[in-house]
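Q: After the structure tokens below, expect a handful of questions from me.
Just so it is clear, none of the values below were taken in a lab; they were calculated from the coordinates. Note that the structure is predicted; figures quoted are calculated from it, not measured. A quick note on method: Cβ atoms are made from the backbone with ideal geometry, for glycine too, and the neighbour counts reach across all protein chains shown.
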Amino acid sequence: MKNEGSLKDAIYSSILEGIFAMDYRPGDILNEKALVERYNCSKSPVREALIALCSENVLRSIPRYGYEVVRLTMEDINEMIEFRYILEGGILRERHSRLTAAQFERLRAADEKCKLDTDDPWEHWEYNSQFHIKLIGYCGSDYALDELKRCMSRLKRAYAQFYWGKWDKGLPPSDTRNHAEILACLECGDVDGALLHLRDDLNDFGGLEKAVN
């Protein structure tokens, strides 16, 4: 039997995946009693999971009512995209010279996966995420990498909220079209060019209209 700590983590992950899959939509109310019955457990791990999700602004506690799934706005998305540009762009500017020929090859292989014609938007999301995570990870800043992963997790919720059901099946995805240019510029030491393509890449997020100035 799982202890309450691991059970709390399992419930946390299950609720979050339900939000990604749009089983729980923005504005929906999660009820503690219903979740206890669903997971067939005591109140403690359910409550701890809900509190953790509230602390990350995934849910909002409404006293004597339940837990509301937080709706992300376009302003929220724009702020996250801007944060990613500052974070990723800053790390690349300062540490791009650390990238090795072998790492560039692995990044190109990661980019090839992003070009796959898939009917699964989450498969494409994972490939795109891994490209950026590898790129920043190879630059050698664990703190920046952790912050990027945290932001990507929140953006995944935005991807679900705004882009779920709008996937163009049969059409090659276009929101990773700048990856090759980013790598080409970095490989020849043109960091300014790489950052221009990074900005265009981030602005392609889910086909939504935004701008990283």
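Q: Of Tyr12, Ala34, Ala49, which is farthest on the positive side of the dipole of region 4-69, counting Cα position, with +1 on Lys and Arg Cβ, -1 on Asp and Glu Cβ, and the Cα centre as origin?
A: Farthest towards the positive pole: Ala34.
Q: Which percent of Cα-Cα pairs in the chain sits in each 10 Å bin, short to long?
A: Result returned by the calculation: 8, 30, 30, 21, 9, 1.
Q: Another question about this same structure. Under DSSP H, which helices of the chain have Cα atoms covering 15 Å or more of the helix axis and a Kyte-Doolittle average no less than -1.0? List each step's numbers first, then the result.
A: Values: long enough: 4-20 (24 Å, 0.40); 43-55 (18 Å, 0.56); 74-95 (31 Å, -0.36); 101-114 (20 Å, -0.76); 121-138 (26 Å, -0.88); 142-163 (30 Å, -0.73); 191-203 (18 Å, -0.07).
Those that pass (Cα extent of 15 Å or more, hydropathy at least -1.0) are 4-20, 43-55, 74-95, 101-114, 121-138, 142-163, 191-203.
Q: Still on this structure, please answer the following. About its Cα centre, how strong a charge dipole does the chain have in debye, to the nearest 20, once Lys and Arg get +1 and Asp and Glu get -1 at the Cβ?
A: Charge dipole of the chain: 720 debye, to the nearest 20.
Q: Can you list which of the chymotrypsin sites (Phe, Trp or Tyr not before Pro) found in region 2-111 are DSSP loop residues with at most 10 other C-beta atoms within 10 Å?
A: Here the sparse-neighbourhood loop sites are Tyr65.
Q: Per the helix-only calculation at 222 nm, which mean residue ellipticity applies to the chain, given -39500 (n - 2.57) for every DSSP H run of n ≥ 4 and division by its residues, nearest 500 deg cm²/dmol?
A: Result for the chain, helices only: -21000 deg cm²/dmol.
Q: Please work out the Kirkwood hydrodynamic radius for region 4-69, using every pair of different C-alpha atoms, and report it in angstroms with one decimal place.
A: It is 11.6 Å.
Q: To continue, here is another question. Between Ser153 and Met22, what FRET efficiency comes out of the Förster formula 1/(1 + (r/R0)^6) with R0 = 25 Å and r the beta carbon distance, rounded to 0.05?
A: Using R0 = 25 Å, I get an efficiency of 0.95.
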